Amino acid sequence: MANLSDEISRRRTFAIISHPDAGKTTLTEKLLLYGGAIHIAGAVKSNKIKKTATSDWMEIEKQRGISVATSVMGFNYGDYKINILDTPGHQDFAEDTYRTLTAVDSVIIVVDVAKGVEQQTRKLMEVCRMRNTPVIIFVNKLDREGRDPFEILDELETELKIGVRPLSWPINIGAKFKGVYNIYEHGLDLFTPNKQRVTERVEIDDINDPRIDENVGEKDAAKLREDLELLEGVYPEFEVDEYLKGRLAPVFFGSALNTFGVKELLDCFVKIAPSPRPVTAEERSIDPHEEQFSGFVFKIHANMDPNHRSCIAFVKVCSGEFQRNASYKHIRSGKFMRFAAPTAFMAQKKNIVDEAYPGDIVGIPDTGNFKIGDTLTQGEELHFKGLPSFSPEMFKYIENTDPMKSKQLEKGIQQLMDEGVAQLFVNQFNGRKIIGTVGQLQFEVIQYRLLHEYAAQCRWEPVSLYKACWIESDDDEALAAFKKRKHQFMAVDRDGRDVFLADSNYVLQMAQNDFPKIRFHFSSEYH
């Protein structure tokens, strides 16, 4: 049996986040390339080339060229075991990303050098700040025309509200891009635009080494020395401790598509990024080194394999050692369960695992036992907290277009709602099902997946609603009076909780004024 603390210290579990199109999926793929997890890098997401990235394996993602489901990939790199959680960049799936951030110990943010910090990146950074998650920034697409690196650094500081410290520095940009000076390891990496080949490294002693001039020319070498002198004057020395506290973000420059600057990022990352950290439950803080196993479900994914209609619950191991076939307590139901076929993921390839350690993500086949936020332990009553579900912004009636397939539709809706992609409300007045989402794209994804994965056809019908609010009251009479008055706008969610469907902001405010004893909630904490 492996030593628990050794296994913990070699684990690095992180998420890659970015705005759509900044190059996140490409970076993920190149990291896998270094881990020997894949042997050839496909050009990703280009409509001209049909080969798609290993982490985007759902059919709709291939067609739309966006990641809509978080993928989990594990691989070994040197002495380290790396777990990457690739997150959907598209803002309609932000909720999935917020939940994924509860399962990681650190984050890599990808920023496009031409576009700088975009809205989605700002929002995700807020979540990292709330949790003091350490962040490394990778400025991507240096081989294309973009903005001045100093300007980008200023923008990162102001927009992401975090201190930055470059650990590599580009030599020119766009068509004249010649490479990157590695400040962290004092090395020079020369750029050759080639998607398959790894960069050429020139060994140098320090920034004044004449080999720099020989390789990039005197003019560029002089500018590089000038830039670095300026950097040293402006930015403090890099301190790992400040990074670990979430206050300082190291910055690397490169081109993921050309596999450039990625190894420098990875080599520094494995050295400085945190191994699994304590996780807060409602009852107490759980240290990864505790012998007793504990973990929580942060995501549920239907149909990982279209041939088998099954769901997979993703469990983040928080403490102890998870063992196949051991008996673990499912806290919400109070039942003990055994898992005969837990899996670990290598993009689409799943392998059955016999054990897993803190920081690892285990896939457990799920026949409907799990919900997001569920806790598994060896018996202790623990509840992990902070897995938010937001009040939807968009609503549509879902109607069955093929009465012969109503069972398939029912099952498909249940499984897709389990994933937390959207929320289902049943209107108590007319019995119609309403799907609520945070973005328009989810309706397309649901319709597509129902058809292709469950052979069920649905159509959407408009319903004009402003907000869904969960309501509760300590006064039963007040609650009954509210439900009677608003009976046309009352629904229940999948857990049977009362939900008020307000059709305008005005109606909602009036309801809050007229019924002071009712509490209105705009997010349902998953329990």
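The values are calculated or read from the model by the stated rules, or taken from the named source; none is laboratory data. Just so it is clear, the structure is predicted and the values come from calculations on it, not from any experiment. Here Cβ is always computed from backbone atoms with ideal geometry, including for glycine, and neighbour counts include all displayed protein chains. Calculation scope for accessible area: heavy atoms of the full protein, side chains included, ligands and nucleic acids excluded. Shrake-Rupley method; radii C 1.70, N 1.55, O 1.52, S 1.80 Å.
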- Does any residue in the range 143-155 that is within 15 Å of Gly179 (Cβ to Cβ) come within less than 9 Å, Cβ to Cβ, of a residue that is open to solvent by 60 Å² or more (accessible area, probe 1.4 Å) and not small (Gly, Ala, Ser) six or more places away or on a different chain, and which pairs are these? Asp143/Pro193
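Tally time: how many residues in the range 462-494 are more than 16 Å from Ile398 (Cβ to Cβ), under 31 Å from the mean Cα position of the chain (by Cα) and assigned to a loop (DSSP other than H, G, I, E, B)? It would help to see each step written out before you state the result.
Applying the first criterion (more than 16 Å from Ile398 (Cβ to Cβ)) to the range 462-494 yields 466-467, 469-490.
With under 31 Å from the mean Cα position of the chain (by Cα) added as a condition, the list becomes 466-467, 469-471.
The next check asks that each one be assigned to a loop (DSSP other than H, G, I, E, B); those that pass are 466.
Going through the range 462-494 one residue at a time, the tally reaches 1.
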- Which one of these does Arg459 not meet: (1) open to solvent by less than 90 Å² (accessible area, probe 1.4 Å); (2) part of a strand (DSSP E or B); (3) under 30 Å from Met404 (Cβ atoms); (4) not hydroxyl-bearing (Ser, Thr, Tyr)? (1)
- Query: From Gly373, Gly412, which residue is closer than 26 Å to Arg277 by Cα and in contact with a helix residue (DSSP H, G or I) (Cβ under 9 Å, 6 or more places away or on another chain)?
  - Reply: Gly373
- Task: Being modelled with pLDDT of 85 or more, farther than 24 Å from Ile82 by Cβ and not β-branched (Val, Ile, Thr) narrows it down to one of Ala341, Ala326, Ala356, so name that one.
- Result: Ala326
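Would you check if Gln447 is open to solvent by 50 Å² or more (accessible area, probe 1.4 Å) and more than 24 Å from Leu501 (Cβ to Cβ)?
Numbers: open to solvent by 50 Å² or more (accessible area, probe 1.4 Å): yes; more than 24 Å from Leu501 (Cβ to Cβ): no.
Against the criterion (open to solvent by 50 Å² or more (accessible area, probe 1.4 Å) and more than 24 Å from Leu501 (Cβ to Cβ)), Gln447 does not qualify.
Do we find that Leu441 is touching a strand residue (DSSP E or B) at 6+ places or on another chain (Cβ under 7 Å) and in a helix (DSSP H, G or I) in this structure? Full working, then the answer.
Values: touching a strand residue (DSSP E or B) at 6+ places or on another chain (Cβ under 7 Å): no; in a helix (DSSP H, G or I): yes.
In short, no.
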- Note on the structure: Considering residues that are over 16 Å from Val445 (Cα atoms), modelled with pLDDT under 85 and charged (D, E, K, R), the number found within the range 371-422 is 3
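In the list Gly436, Gly431, Gly412, which residue meets the criterion of being open to solvent by less than 10 Å² (accessible area, probe 1.4 Å) and outside any helix (DSSP H, G or I)?
Sole residue among the options that is open to solvent by less than 10 Å² (accessible area, probe 1.4 Å) and outside any helix (DSSP H, G or I): Gly436.
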- Task: For the range 498-516, state whether one or more residues are touching a residue at least 40 places away in the same chain (Cβ under 8 Å) and surrounded by fewer than 15 Cβ atoms within 10 Å (Cβ to Cβ).
- Result: no
- Task: May I ask you to list pairs of residues, at least six apart or on different chains, whose Cβ atoms are under 6 Å apart, with the first in the range 275-296 being hydroxyl-bearing (Ser, Thr, Tyr) and the second being part of a loop (DSSP other than H, G, I, E, B)?
- Result: Ser285/Pro278; Ser294/Leu382
- Item | Residue that is surrounded by the most Cβ atoms within 10 Å (Cβ to Cβ) [pool: residues in the range 232-261 that are farther than 18 Å from Ser275 by Cβ and among the aliphatic types (A, V, I, L, M)] | Ala256
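Taking the options Arg144, Arg122, name whichever one is at pLDDT below 85 and not aliphatic (A, V, I, L, M).
Only one candidate qualifies: Arg122.
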- Note on the structure: Filtering the range 112-138 down to residues that are closer than 16 Å to Leu248 by Cβ and among the β-branched types (Val, Ile, Thr) yields Thr133, Val135, Ile136, Ile137
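Within 25 Å of Lys407 (Cα to Cα) and either surrounded by 13 or more Cβ atoms within 10 Å (Cβ to Cβ) or of a type in the set (S, T, N, Q) (or both): which single residue out of His452, His521 fits that description? Working first, answer last.
Numbers: His521 fails: within 25 Å of Lys407 (Cα to Cα).
Being within 25 Å of Lys407 (Cα to Cα) and either surrounded by 13 or more Cβ atoms within 10 Å (Cβ to Cβ) or of a type in the set (S, T, N, Q) (or both) holds for just one of His452, His521, which is His452.
Is there a residue being hydroxyl-bearing (Ser, Thr, Tyr) and farther than 18 Å from Val262 by Cβ anywhere in the range 105-117?
Residues of the range 105-117 hydroxyl-bearing (Ser, Thr, Tyr): 106.
From what's left, farther than 18 Å from Val262 by Cβ: none.
No, the conditions are met nowhere in the range 105-117.
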- Find all pairs meeting these conditions: Cβ atoms under 8 angstrom apart; at least six residues apart or on different chains; first residue within the range 160-187 and modelled with pLDDT under 80; second residue of a type in the set (Ser, Thr, Tyr). Gly187/Tyr181
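Looking only at strands (runs of 3 or more DSSP E) that lie completely in the range 181-299, which have at least 1 residues being within 21 Å of the chain's Cα centre (by Cα)? Please lay out each step first, then the result.
On the way: elements: 187-190, 200-202, 248-253.
By residue number, 248-253.
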- What helices (runs of 4 or more DSSP H) completely inside the range 91-175 contain at least 3 residues that are open to solvent by 10 Å² or more (accessible area, probe 1.4 Å) and over 30 Å from Ile372 (Cα atoms)? 149-160
